Every structure is written in C-alpha cells, then in structure tokens.
Amino acid sequence: MNIQEISDRLELKTLVDNFSNYADTKDFDDQILLFTEDAVVNTIIDGKTVTHLEGRPEIQTAFEEATGASKSVFHMNGQQTVKLIDETHAKGINYTLVNEITERDGKELPMQAGARYDDTYLKVAGVWQIDKRNTNFVWSNIK
C-alpha cells in the first residue's frame, strides 16, 4: 500500500464519519456538501427501494425532513471496506447503528436501526465526495 492509497482510505473514512456527525448535529448545509452536485441516494427497506433522490437540493430536503424533527439522532459507525478503482473513483461498504429519539403525544419514542451504506465515491477537484449511496436498513425496531 502506498502513501496515496493510505491517504485516500483515510479521507474516505473521514467522509463517511462526517456524514454521520453532520446528521447528528443536524448540520444539513455542511452535510450536503459531502455529496456530488448530481448525487443519487436510495433508501432500501426489506429489499425494496422506498425513496430515490437525485441532486443536492432533493437530498438535503429529504434529510432535513427525515431527521430534522427528531429530538436526538446518534450514529455509531462501524466497519468500512473500500475498493479504490482509480485516482478518482472508489466504492465502499459502511455499517452504522442509528439511534433516534422522536416525540409523539408528549412521549419520547426511541428507534434503533442497523444500516449498510453501499457507496460510490468520486474525487472532485481533489476532494472525495459521495456520488451514489444505497442506504440499506437491514433491521430496525420500528413497529
């Protein structure tokens, strides 16, 4: 492994971690900049695509609606596997545990979900960004 590959892998890990950090702090303006201008994000539950988003504006609006009203969100990222394709293209699989507290009728409702991100990355102007993300919710305690 050469220095550039080590650097790319570290940058890609930081990219994924920053996505989760910004989600937890609800910093949607910085979070969306982690994606390419015409990125695609799919949400998959029980093997079915339930949302398909294209482009930063659509993605940001969906992220704000999904977690903006939550009382608290907390991601815990786990393992990441990255395949560097060339100097500007990579693929990755990342696991995360999502903890979220919402409120309904004055009661706090905890939610947990295990998700796997299947990502395609693109290096734009020297910076790695998420170009495509399939968020596969493998399990959840939502009833």
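The values are calculated or read from the model by the stated rules, or taken from the named source; none is laboratory data. Just so you know, these numbers come straight off a predicted model, no measurement behind them. Reconstructed Cβ throughout: ideal geometry from the backbone, glycine too, with neighbour counts over all protein chains shown. These accessible areas exclude ligands, DNA and RNA; they are computed on the full protein's heavy atoms, side chains included. Shrake-Rupley method; radii C 1.70, N 1.55, O 1.52, S 1.80 Å.
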Condition set farther than 14 Å from VAL16 by Cβ and aliphatic (A, V, I, L, M), scope the range 90-126, selection least open to solvent (accessible area, probe 1.4 Å): answer is ALA113
Among the residues of the range 83-99, the number that are under 15 Å from the mean Cα position of the chain (by Cα) and of a type outside the set (S, T, N, Q) is 6
By my count, strands (runs of 3 or more DSSP E) wholly in the range 1-103 with at least 3 residues that are in contact with a helix residue (DSSP H, G or I) (Cβ under 9 Å, 6 or more places away or on another chain) are 35-45, 72-84
Report yes if LYS143 is open to solvent by 70 Å² or more (accessible area, probe 1.4 Å) and at pLDDT 95 or above, otherwise no.
-> no
Taking the range 55-83 and keeping only residues that are open to solvent by 90 Å² or more (accessible area, probe 1.4 Å), modelled with pLDDT of 95 or more and touching an Asp or Glu at 6+ places or on another chain (Cβ under 7 Å), one is left with PHE74
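Filter the range 16-54 for residues that are of a type in the set (A, V, I, L, M) and either open to solvent by 90 Å² or more (accessible area, probe 1.4 Å) or more than 13 Å from LYS132 (Cα to Cα) (or both) and give the result. Talk me through it step by step, then tell me what you get.
Taking the range 16-54 and keeping what is of a type in the set (A, V, I, L, M), we get 16, 23, 32-34, 39-41, 44-45, 50, 53.
Of everything in the range 16-54, those that are of a type in the set (A, V, I, L, M) and either open to solvent by 90 Å² or more (accessible area, probe 1.4 Å) or more than 13 Å from LYS132 (Cα to Cα) (or both) turn out to be ALA23, LEU33, ILE44, ILE45, VAL50.
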Could you please let me know if GLN129 is open to solvent by 40 Å² or more (accessible area, probe 1.4 Å) and assigned to a strand (DSSP E or B)? no
